[in-house]
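Asker: Below is the structure I would like to discuss, written out as structure tokens.
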Amino acid sequence: MTVAVRVRDVAKRFRIYHRRNLTLKQALLQRRRGVFEEFLALQGVSFEVEHGGALGIIGENGSGKSTLLKCIVGILEPDAGSIETRGRVAALLELGAGFHPEYTGRENVYLNGALLGLPRRYIDGVMDEIVEFSELQRFIDNPVRTYSSGMYARLGFSIAVHLDPDILVVDEILAVGDEAFQRRCYDRIARMRAEGRTLIMVSHALEPIQEFCTDCIWLDRGRVRERGAAPAVIARYLAEVSARESALMASEVERVHQLVPSGRGGVGVTRVRFEGADGPTHVFETGDPFEMVIEYHAPARLEGARFSVGFQREDGVVVFSTTTDDVDSAASSLPPTGEVRLRIPSLPLLEGLFRASVIISDAGTGEPYTVLEGAFPFRVRSHRLRERGVALLGHRWELPTAAHRRSVEA
Amino acid sequence: MHQFKVRRLPKAPVPPATTGPDREGPRVQLRDNRALNRERLRQLVRRELTARYRGSVIGVAWSLLNPVVYMIVYTVVFSKFMRFNIPGTPYPVYLLSGLLAWNFLTQSISASVNSVLGNAVLVKKVAFPWIMLTVATVISAFVNYAISLILLAPLLIFFHVPVSPALALLPVVTAVLFAFALGLSLGLAAANVYFRDIEYLTMIAIQVWFFMTPVIYQLDQILAASHGSRLFTIFRWILYVNPMTWVVSAFQDVIAFHRWPTHRLGLVYAAAVGALALGAGIALFNRLSRRFAEEL
């Protein structure tokens with residue numbers, strides 16, 4: 001196999017200006033262009049992508065992913081090292097970058113296409129295809145300033161997939177548009193892969209990388225932290241990100257416990273923790289076993305108490321709430337300290353940040369002893385591209401089978 | 001740090017991208033960079049010329065309106081109300097033939113100085129030769145120049161100014177002017193990314209420069225004056241050094257005076273400065289453009 005992209009020892013420094021002299025006047029008066037610090041956005045980055053290969057680049061915000069892409073496509077110039085590319089490179093760093101608002105969609109296809117490297121004759125030939133893919137037939141001759149951001153992105157992507165490159169470089173651009181369109185974009189990328197084109201992809205979301213990329217590099221503060229087969233690198237990356245996030249959430253919960261005093265009548269929550277298959281954590285995957293353990297304390301035996309737990313997603317959607325009311329009278333008399341466990345054998349929640357609330361109240365009067373609203377965060381990850389929403393509902397699809405169809409035709 | 005190097009590998013071993021099963025439309029040769037860049041330039045010039053007037057009722061006609069109006073106003077004012085006397089040609093014709101050259105220069109640089117900064121999104125997100133942004137602005141100023149030149153024809157007929165074979169030299173003089181304008185535009189466009197007040201300094205400089213260029217007055221009258229104050233001597237020296245002096249006077253010679261340029265040495269000097277400006281402008285632009293995406 002031949003090498004399509006070879007990156008060797010690339011370093012890129014940025015200047016972070018503390019004070020920047022943006023005018024000639026200031027620069028002359030102070031005899032310098034500003035006070036700045038140098039920041040190594042990339043250092044010692046090396047890798048190769050073979051023809052027809054697909055490389056994903058992952059890493060946290062500010063790890064240098066986009067800087068690396070911009071170096072590969074030639075927008076930024078590395079300070080050290082070399083980058084070689086073989087074949088036509090098409091870079092998709094932003095959909096519809098450079099659209100002119102007063103131009104119609106059609107005119108912008110020619111303008112944007114030309115800038116990205118498509119000759120007019122070629123665009124003439126694929127125009128119908130572009131329009132059809134973008135589903136903007138009715139709007140293609142209106143100025144793009146009248147477009148919604150979704151329409152804008154759709155047109156941008158439709159141009160992009162017709163670039164016909166040897167090497168496709170994609171920054172995270174697919175976060176826009178409705179889901180059906182996103183799905184078609186992914187299908188299109190899959191097809192380009194099948195056609196033997198080389199793909200380099202940066203994404204904050206890991207699912208597309210998992211789906212398309214065979215290899216992966218993990219950038220950490222400008223350096224290649226790991227490099228290898230995509231599933232392995234992603235798994236290690238996720239483990240670290242989850243561990244870090246989990247620790248952060250644990251310390252948040254710790255603060256809550258320190259700050260919040262016991263509730264009415266000395267009844268309170270001593271500690272709340274989440275447990276997964278491997279012990280305490282705050283990060284779960286869809287389908288993981290999930291336990292929420294509430295340690296409580298009371299001055300004496302706790303009679304007729306009700307424990308309530310609710311889950312709320314980040315955006316305020318109440319996902320689920322439950323109380324111990326359904327549990328039989330065993331709950332009516334509890335020891336002064338103890339653990340109450342809420343056990344979900346297979347967590348059906350989909351990707352998101354959730355917060356749990358805990359309320360202990362008197363089952364008889366309904367009066368609360370203690371209320372901890374949204375105090376306990378946990379994260380759910382799911383690696384599903386096709387199922388979205390709050391929860392994964394148990395489901396099964398039924399399609400007309402071949403046998404069935406035959407009987408209909410007969 | 002070691003040396004930086006971006007090498008594009010030879011294209012030969014690249015297998016042609018295979019065509020997908022349901023892909024339609026013509027396969028054309030996509031690797032011809034010259035043709036591609038021509039198309040980029042074409043689209044950018046088109047954008048420059050038409051986009052501004054979109055949404056207005058008369059559209060691109062606006063760009064015609066400007067030269068038509070100033071030509072009419074100048075002609076009426078200077079042939080009816082203020083009568084300057086320049087022997088050998090009607091004053092409006094003299095004035096407008098010099099202004100033709102001057103306006104091309106000022107339109108080029110005043111539009112170009114912002115041509116990179118004003119397209120920050122493109123520079124940061126699309127990889128293409130950014131020098132085209134500035135080249136396109138200068139070319140669109142050139143289109144306006146060509147329109148003005150055509151509009152000058154009825155004026156010449158109206159004032160009974162004969163057409164001379166010296167007009168054949170107009171393309172050469174225009175080329176000198178174009179090189180000078182483009183070089184200056186490239187340098188200013190690139191420098192303005194780093195120092196944002198270059199734009200304002202340019203506007204002021206254009207005002208001052210105008211009076212240091214024999215557009216409204218006649219070069220030969222200044223040069224013929226036998227003596228003068230110290231300030232006048234300095235002024236004369238500025239006229240000598242200013243390449244636009246010789247470009248403008250060549251325009252006046254071939255159009256208004258219907259004769260071959262009288263200051264040939266000056267024109268050669270202007271051509272040399274023009275070539276130098278172009279080379280320096282391209283070099284400066286290429287040098288500074290390495291960090292455009294960071295500075296914007």
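The values are calculated or read from the model by the stated rules, or taken from the named source; none is laboratory data. Keep in mind that this is a model prediction, so the values were computed, not measured. Ideal geometry is used to build each Cβ from the backbone, glycine not excepted, and the neighbour counts take in all protein chains shown. Quick note on the areas: whole protein, heavy atoms, side chains included, nothing else; ligands and nucleic acids left out. Shrake-Rupley method; radii C 1.70, N 1.55, O 1.52, S 1.80 Å.
Asker: Rounded to the nearest 5, what % of DSSP beta bridges with both residues in segment A:260-381 are antiparallel?
Answerer: If I count the DSSP bridges inside segment A:260-381, around 95 percent turn out antiparallel.
Asker: Quick one: Karplus J couplings for segment B:272-280, per residue in order, coefficients 6.51, -1.76, 1.60, θ = phi - 60°, nearest Hz, x for Gly and Pro?
Answerer: 5, 4, x, 5, 5, 4, 5, x, 5
Asker: Suppose a student asked you for the relative contact order of segment A:3-229, using Cα pairs under 8 Å spaced at least 6 residues apart; what percent would you report?
Answerer: Worked out over segment A:3-229, it gives 29 percent.
Asker: Total accessible area buried between chains A and B, 1.4 Å probe, in Å² to the nearest 100?
Answerer: Between A and B, the summed buried area is about 5700 Å².
Asker: Next up: Counting only other chains, and only Cβ atoms inside 10 Å, what mean value do you get across the residues of A:57-68?
Answerer: If you average over the peptide's residues, the count of other-chain Cβ atoms is 0.
Asker: Express as a percent, rounded to the nearest 5, the fraction of DSSP beta bridges in segment A:3-229 (both residues included) that run antiparallel.
Answerer: Around 60 percent antiparallel, to the nearest 5.
Asker: With charges only on Cβ, +1 for K and R and -1 for D and E, what is the dipole size of segment A:3-229 about its Cα centre, in debye, rounded to 20?
Answerer: Once rounded to the nearest 20, the dipole reads 1220 debye.
Asker: Okay, next question. Per residue, how many Å² of accessible area does segment A:3-229 show with a 1.4 Å probe?
Answerer: About 38 Å² of surface per residue is accessible.
Asker: Moving to a separate point now. With a 1.4 Å probe and all protein chains kept in place, how much accessible area does B:Val247 have, in Å² rounded to the nearest 10?
Answerer: Here the residue's solvent-accessible area equals roughly 0 Å².
Asker: Return the percentage of antiparallel bridges among DSSP beta bridges fully within the protein assembly as shown, rounded to the nearest 5 %.
Answerer: Percent antiparallel among DSSP bridges in the protein assembly as shown is about 75.
Asker: Heavy atoms of the protein only, probe of 1.4 Å, neighbouring chains included. What is the accessible area of B:His227 in Å², nearest 10?
Answerer: B:His227 exposes around 150 Å² with every protein chain in place.
Asker: Which order do the peptides B:273-281, A:104-112 come out in when sorted by mean C-beta neighbours inside 10 angstrom, highest first?
Answerer: Those peptides, ordered most packed to least, come out A:104-112, B:273-281.
Asker: With a point put 7 Å past each Cα toward its Cβ, work out how far A:Thr23 is from A:Glu129 in nm, to one decimal.
Answerer: 5.3 nm
Asker: With a cut-off of at most 10 other beta carbons within 10 Å, and DSSP calling the residue loop, which trypsin sites (Lys or Arg not before Pro) in segment B:60-151 qualify? Please list them.
Answerer: B:Arg83
Asker: So what is the 222 nm mean residue ellipticity for chain B from helices alone, if each DSSP H run of at least 4 adds -39500 (n - 2.57) and you divide by all residues, rounding to the nearest 500 deg cm²/dmol?
Answerer: Calculated at 222 nm, the ellipticity per residue is -20500 deg cm²/dmol.
Asker: Shielding by partners for B:119-132, please: the mean number of other protein chain Cβ atoms within 10 Å of each residue's Cβ.
Answerer: Across the residues of B:119-132, the mean count of other-chain Cβ atoms within 10 Å is 5.
Asker: Once neighbouring chains are kept in place and the probe is 1.4 Å, which whole percent of the accessible area of segment B:36-295 is contributed by carbon and sulfur?
Answerer: Answer for segment B:36-295 is 71 percent, counting heavy atoms of protein chains only.
Asker: Could you work out how far helix A:149-161 tilts from the main Cα principal axis of chain A, as a 0 to 90 degree angle to the nearest 10?
Answerer: Taking the Cα atoms of chain A, the angle to A:149-161 is about 50 degrees.
Asker: Carbon and sulfur together cover what percent of the accessible area of segment A:260-381 at a 1.4 Å probe radius?
Answerer: Accessible surface attributable to carbon and sulfur in segment A:260-381 totals 52 percent.
Asker: Do the sum for chain A: with -39,500 (n - 2.57) for every DSSP H run of n ≥ 4, divided by all residues, what is the mean residue ellipticity at 222 nm, to the nearest 500 deg cm²/dmol?
Answerer: Taking each H run of at least 4 residues, the total per residue is -9000 deg cm²/dmol.
Asker: While we're looking at this one, here's another question. From Cα coordinates alone, what are the radius of gyration and Dmax values for the protein assembly as shown in angstrom?
Answerer: Expressed in Å, the Cα Rg and Dmax of the protein assembly as shown come to 35.1, 120.
Asker: Hey, got the dipole for chain B? About the Cα centre, +1 on K and R Cβ, -1 on D and E Cβ, debye to the nearest 20?
Answerer: 860 debye
Asker: Let me ask something else about it. How big is the dipole moment of segment A:108-165 about its Cα centre under a simple scheme where the beta carbon of each Lys and Arg is +1, that of each Asp and Glu is -1, and everything else is neutral? Debye, nearest 20, please.
Answerer: Here segment A:108-165 has a charge dipole of around 240 debye.
Asker: Same structure, new question: Suppose a student asked you for the relative contact order of segment A:1-87, using Cα pairs under 8 Å spaced at least 6 residues apart; what percent would you report?
Answerer: Relative contact order for segment A:1-87 comes out at 46 percent.
Asker: Just list whichever of A:Lys25/B:Lys125; A:Lys12/B:Lys125; A:Lys25/A:Lys70 have alpha carbons separated by over 23 Å in the model shown.
Answerer: Where the Cα-Cα span goes over 23 Å, the pairs concerned are A:Lys25/B:Lys125; A:Lys25/A:Lys70.
Asker: Could you state the angle between the C-alpha long axis of helix A:105-116 and the longest principal axis of the C-alpha atoms of chain A, as a value from 0 to 90 degrees rounded to the nearest 10?
Answerer: In chain A, helix A:105-116 runs at an angle near 80 degrees to the longest axis.
Asker: Going by amide H atoms built from the backbone, whose H comes under 5 Å of the H on A:Asp79, apart from near neighbours?
Answerer: Result for A:Asp79 returns A:Ala11, A:Lys12, A:Arg13.
Asker: Next up: Which value, in Å², gives the accessible area per residue of segment A:260-381 when a 1.4 Å probe is used on the protein heavy atoms?
Answerer: I get 47 Å² per residue for segment A:260-381.
Asker: Next question, about the same structure. Would you rank B:Arg34, A:Arg32, A:Arg197, A:Arg86 by solvent-accessible area, highest first, keeping every protein chain in place and using a 1.4 Å probe?
Answerer: I get B:Arg34, A:Arg32, A:Arg86, A:Arg197, largest accessible area first.
Asker: I've got another one for you. Probe radius 1.4 Å, ligands and nucleic acids left out: which of A:Thr198, A:Thr67, B:Thr262 has the largest accessible area, and how do the rest follow?
Answerer: Heavy-atom accessible area, descending, gives B:Thr262, A:Thr67, A:Thr198.
Asker: Rounded to the nearest 10 degrees, what's the angle between the helix A:179-194 long axis and the longest principal axis of chain A, both from Cα atoms, 0 to 90?
Answerer: That helix lies at roughly 50 degrees to the long axis.
Asker: Suppose a student asked you for the relative contact order of chain A, using Cα pairs under 8 Å spaced at least 6 residues apart; what percent would you report?
Answerer: For chain A, the relative contact order is 13 percent.
Asker: Now, a different point. Please compute, for peptide A:20-27, the average count of beta-carbon atoms on other protein chains lying within 10 Å of each residue's beta-carbon.
Answerer: Per residue, the average neighbour count from other chains is 4.
Asker: If you roll a 1.4 Å probe over the heavy atoms of the protein chains, what accessible area per residue do you get for segment B:36-295, in Å²?
Answerer: So segment B:36-295 comes to 45 Å² accessible per residue, rounded to a whole number.
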